[in-house]
There are 4 protein chains.
Amino acid sequence: MKALVHVTLKPDVLDPQGKAIQRASASLGHSAVRAVRQGKVFEIELDAADAASARRLVEELCDKLLANPVIEDYRVVSLEG
Amino acid sequence: MKALVHVTLKPDVLDPQGKAIQRASASLGHSAVRAVRQGKVFEIELDAADAASARRLVEELCDKLLANPVIEDYRVVSLEG
Amino acid sequence: MKALVHVTLKPDVLDPQGKAIQRASASLGHSAVRAVRQGKVFEIELDAADAASARRLVEELCDKLLANPVIEDYRVVSLEG
Amino acid sequence: MKALVHVTLKPDVLDPQGKAIQRASASLGHSAVRAVRQGKVFEIELDAADAASARRLVEELCDKLLANPVIEDYRVVSLEG
């Protein structure tokens, strides 16, 4: 099974890296870029008996290894295969 | 309009960070995690007349600011709003 | 002139990525690794009349583009050339 | 003992993230910033009998978990305590 997870800064947490990209895009002549936020995406291949247990495993990974719950949100974007 | 872009290491490029997470998951008792790959996700808010010009703008950003084409692939995951 | 800057999570901010590396090292047989913290390092080449104005410029970059002061600390590690 | 390690892209590998910061700095009015390269810094706390064995352990971590030797260089910046 394959899971796709997004880990992104919470909306109220400043993202200087994203801000730098937005400013840099202006220097390319693209005033049309209003905002950029940068996060992480994880592709996880795992064995699981069914989708429910796969999701539980992925959420445990997120809680313990992938995300800092104080400043980041995670979202299981897809789970398939 | 809002675009979501994934920038990931090409499949043949080693990802030590992902490997570390896979190994760490084994230490949690999850031998079921076979592989982890880590990439970047960008949420981009932009003004564009239509979807086609939005896509062109996003692809130019990827080529010039977000991805290193020698070692990374990018994918416009969604474009909406 | 060349500046080297470290941007690291504040000591009280959880670092799941560092934690994953510490756990992964145990899987290599290295129980001797007690803790790992991951941060960013920036190498900045700049023109400046003297060290004092170089430092001011680097600190402004840190404040505005490189670090999130709520969750991160920065440190100008060296400034030379 | 505490080790500090830099993991940076090899000089011939394009760094779009650093490039974005350099371009963004120009938008702040700082044409004096010529180039920016972004890497990772790791702070590692470990137990070791002496400096030589600490260094061996840190280098093994770098080889196996922290750096991709094809595109990245690592450097043990300090080792103390």
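The values are calculated or read from the model by the stated rules, or taken from the named source; none is laboratory data. Since this is a predicted model, take the numbers as computed values, not measurements. Cβ sites come from the backbone with ideal geometry, for glycine too, and all protein chains shown count toward neighbours. With ligands, DNA and RNA removed, areas are computed over all heavy atoms of the protein, side chains included. Shrake-Rupley method; radii C 1.70, N 1.55, O 1.52, S 1.80 Å.
A few points about this structure:
- Unmet criterion (only one of (1) of a type in the set (S, T, N, Q); (2) touching a Lys or Arg at 6+ places or on another chain (Cβ under 8 Å); (3) more than 26 Å from B:Lys10 (Cα to Cα); (4) modelled with pLDDT of 95 or more) for A:Thr8: (3)
- Selected residue (criterion: farthest from the other protein chains (Cβ to nearest Cβ)) from residues of segment D:26-50 that are of a type outside the set (Ser, Thr, Tyr) and part of a loop (DSSP other than H, G, I, E, B): D:Asp50
- Of the criteria (1) without any contact (Cβ under 8 Å) to a residue 60 or more places away in the chain; (2) surrounded by fewer than 14 Cβ atoms within 10 Å (Cβ to Cβ); (3) of a type in the set (S, T, N, Q), which one D:Gln38 fails: (2)
- Tabulated pairs, segment B:13-25, first facing chain C (nearest Cβ under 7 Å) and closer than 18 Å to A:Arg56 by Cβ, second part of a loop (DSSP other than H, G, I, E, B) and open to solvent by less than 10 Å² (accessible area, probe 1.4 Å), C-beta under 9 angstrom, 6+ apart or interchain: none
- Screening segment C:6-28 for residues that are within 16 Å of the chain's Cα centre (by Cα) and hydrophobic (A, V, I, L, M, F, W, C) and picking the one that is most open to solvent (accessible area, probe 1.4 Å) gives C:Leu14.
- Scan of segment D:45-68 for residues that are within 25 Å of D:Asp15 (Cα to Cα) and touching a helix residue (DSSP H, G or I) at 6+ places or on another chain (Cβ under 7 Å), ordered by number: D:Leu61, D:Leu65, D:Leu66, D:Ala67, D:Asn68
- All positions within segment D:51-73 that are basic (Lys, Arg) and more than 7 Å from every other protein chain (Cβ to nearest Cβ): D:Arg55, D:Arg56
- Evaluation of A:His6 against the conditions (1) part of a loop (DSSP other than H, G, I, E, B); (2) in contact (Cβ under 8 Å) with a residue 60 or more places away in the chain shows that the sole unmet condition is (1).
- If only residues of segment D:62-78 that are in contact (Cβ under 8 Å) with a residue 40 or more places away in the chain and in a helix (DSSP H, G or I) are counted, the one that is surrounded by the fewest Cβ atoms within 10 Å (Cβ to Cβ) is D:Cys62.
- Residue match in segment D:44-57 (condition: at pLDDT 95 or above, closer than 24 Å to C:Ala67 by Cβ and open to solvent by less than 70 Å² (accessible area, probe 1.4 Å)): yes
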